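One structure is given below, encoded as structure tokens.
What follows is calculated from the coordinates using simple rules that are stated; it is not laboratory data. These numbers were taken from a predicted model, which means no experiment stands behind them. Positions of Cβ are backbone-derived with ideal geometry, glycine not excepted, and every protein chain shown enters the neighbour counts.
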């Protein structure tokens with residue numbers, strides 16, 4: 001394993017990394033950073049949690065000229081949460097005199113413009129709000145020399161392709177571009193051919209260790225009985241903190257309403273919420289004021305909350321990488337986690353795809369095998385005294 005200095009990172013950045021307890025590069029960093037420092041475009045296949053944020057941040061920050069008050073680096077990401085998260089990571093590494101600004105929806109445009117005022121060297125933005133600034137001429141991208149497209153697959157899924165195309169037209173043709181995606185679909189490949197110049201392809205395989213602390217179960221049910229099955233399992237397991245993944249915003253909203261009717265402290269997280277609402281929901285979840293978060297995949301990108309004991313795949317993901325990304329929300333920092341996936345007869349093919357991708361056959365269960373529960377089926381955190389013996393009553397607001 002190489003050191004950060006051996007792959008080209010300057011000593012003052014290495015010291016900042018060391019102060020954060022980061023001693024050695026991850027595989028994605030070891031592969032991507034030398035290519036980026038050499039000025040090459042990069043197309044990287046990497047999951048959240050592999051260290052890809054530092055893989056693109058370090059080369060950008062190392063090349064920024066702080067004496068030039070112009071935007072030199074641009075990172076485009078599909079969600080506000082990711083923009084905030086990347087910005088916070090950048091702030092831990094900024095050289096003296098270097099400024100970073102997050103630009104995302106839900107903020108006052110005039111206030112953002114005042115903050116920019118020609119002093120931001122690095123901008124981390126969601127596509128829509130960035131285009132708003134470009135059209136208002138409150139930000140110029142003519143001096144950008146490195147563009148990062150983060151979570152490309154999710155940006156395409158969310159319909160941001162035309163916005164991204166308009167943004168890239170505002171940047172120099174000579175720019176360096178790197179793209180990061182959990183999956184390399186035909187769409188992602190097509191986008192890379194259009195906007196990246198003979199990119200170096202970097203792939204980091206999902207490590208099986210990611211799943212080692214997560215017990216995985218599959219409950220066979222039907223679409224009609226899925227909600228009742230979830231409610232019974234939740235009453236039995238009594239999760240301390242749980243994320244419940246749904247396929248669409250509409251299904252997330254409907255399921256959250258059902259949970260609230262049954263007395264569970266829950267809330268929803270999806271793209272239809274205002275930024276203020278999203279931040280309020282996430283704060284309540286982090287503070288354990290709510291125990292259950294019903295979310296779509298796009299909204300949950302970058303979701304990093306300590307203490308998540310359970311992940312429920314209410315709707316099964318369609319590939320193993322999405323599955324790993326979802327269940328990786330639990331079993332972190334040495335803790336135990338439990339991931340439960342519901343499948344109807346029509347979902348069996350998707351389950352086979354996931355099992356092939358992770359190289360493991362998941363344990364099947366039905367409701368008649370739910371009780372009596374064995375202690376081995378519980379995570380340590382589900383035994384917490386803070387977990388109620390029955391669903392908490394919904395508080396009046």
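A few comments on the model shown:
- Residue order, fewest to most beta carbons within 10 Å, for 246, 98, 235: 235, 98, 246
- Net lengthening on full extension, residue 235/residue 289 (0.36 nm per residue, minus Cα-Cα): 17.6 nm
- Peptide ranges 185-198, 51-64, 31-44 listed from the most packed, as the mean C-beta count within 10 angstrom indicates: 51-64, 31-44, 185-198
- Cβ-Cβ FRET estimate between residue 254 and residue 166, R0 fixed at 25 Å, reported to 0.05: 0.15
- Spin-label zone in region 38-68 - amide nitrogen under 13 Å from a point set 7 Å from the Cα of residue 212 along the C-beta vector: none
- Distance histogram in 10 Å bins (all Cα pairs of the chain, percent per bin): 5, 22, 30, 24, 14, 5, 0
- Going from the residue with the fewest nearby Cβ atoms within 10 Å to the one with the most, 240, 180 rank 240, 180.
- Taking every alpha-carbon pair within region 7-121, the share separated by more than 24 Å comes to 27 percent.
- Distance (nanometres) between label positions extended 7 Å along Cα→Cβ at residue 143 and residue 280: 4.0 nm
- Dmax and Rg, reported as Rg then Dmax, of region 151-201 (C-alpha, Å): 10.7, 28
- Separation of the residue 11 and residue 38 label points, Cα + 7 Å toward Cβ, nm: 2.6 nm
- Stretchable slack from residue 107 to residue 69, in nm (0.36 nm times residue separation minus alpha-carbon distance): 11.4 nm
- Degrees separating the helix 226-237 axis from the principal Cα axis of the chain, which is the longest one: 80 degrees
- In terms of other Cβ atoms within 10 Å, 250, 326 run from fewest to most in the order 250, 326.
- Mean separation of Cα pairs under 8 Å and 6 or more residues apart, divided by the residue count, gives the chain a relative contact order of 17 percent.
- Its Kirkwood hydrodynamic radius, worked out from the mean inverse distance over all distinct Cα pairs, puts region 5-203 at 16.8 Å.
- Dividing the summed -39500 (n - 2.57) terms of all DSSP H runs of n ≥ 4 by the residue count of the chain sets its mean residue ellipticity at 222 nm at -11000 deg cm²/dmol.
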